[in-house]
Amino acid sequence: MLAASGALIVDVRGMREWRRHHIPGSVLIPLAQLEERMDELPADRMLITFCTGGLLSSGAANLLAEFGYDAANMTRGLVGWRSTGGELVEGDALS
């Protein structure tokens, strides 16, 4: 699993979507807040961004890379995650 590889999974969706379901161990930083909150992200770990379908998180990964982070986008986002049997959790507890 991604988190086991040492990568930090970054959810760039909004809080409403997060509360509905999210990937265990992921952190929530909505795309609109990403640039101002980059200092919360570790510079020494790979970052995997995701959203619902992968489009917004692709831009997030590119932005992070521009600022020197080792970042990649989760292709197809949660749609792809679910299709491979990835686990989701419900609720608003921030990881």
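In table form, for the structure just shown:
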| item | result |
| --- | --- |
| Phi-based couplings in Hz for segment 26-42 (Karplus 6.51, -1.76, 1.60; Gly and Pro marked x) | 7, 10, 9, 9, x, 3, 5, 9, 4, 4, 6, 10, 4, 5, 7, 9, x |
| Projected label distance in nm at T52 and T84, using a 7 Å step from Cα toward the beta-carbon | 2.2 nm |
| Kirkwood hydrodynamic radius of segment 3-83, Cα pairs, Å | 12.3 Å |
| Residues with amide H under 5 Å from that of I9, placed H, sequence gap 5 or more | V27, I48 |
| Within the chain: Cβ-based charge dipole about Cα centre, in debye rounded to nearest 20 (Lys, Arg +1; Asp, Glu -1) | 420 debye |
| Karplus (6.51, -1.76, 1.60) ³J(HN,Hα), θ = phi - 60°, over segment 13-20, in Hz, Gly and Pro reported as x | 7, x, 4, 4, 5, 4, 5, 5 |
| Longest exposed-site-free window of the chain, the sites being GluC sites (Glu not before Pro) in a DSSP loop that have at most 12 other C-beta atoms within 10 Å | 1-86 |
| Hz values of 3J(HN,Hα) by residue in segment 54-65 - Karplus curve (6.51, -1.76, 1.60), Gly and Pro given as x | x, 6, 5, 5, 5, x, 5, 5, 5, 4, 4, 4 |
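Coordinate-derived values only; no laboratory data. Since the model is a prediction, treat every value here as computed from it, not as a measurement. Because the Cβ atoms are built from the backbone with ideal geometry, glycine has one as well, and the counts that use them run over all protein chains shown.
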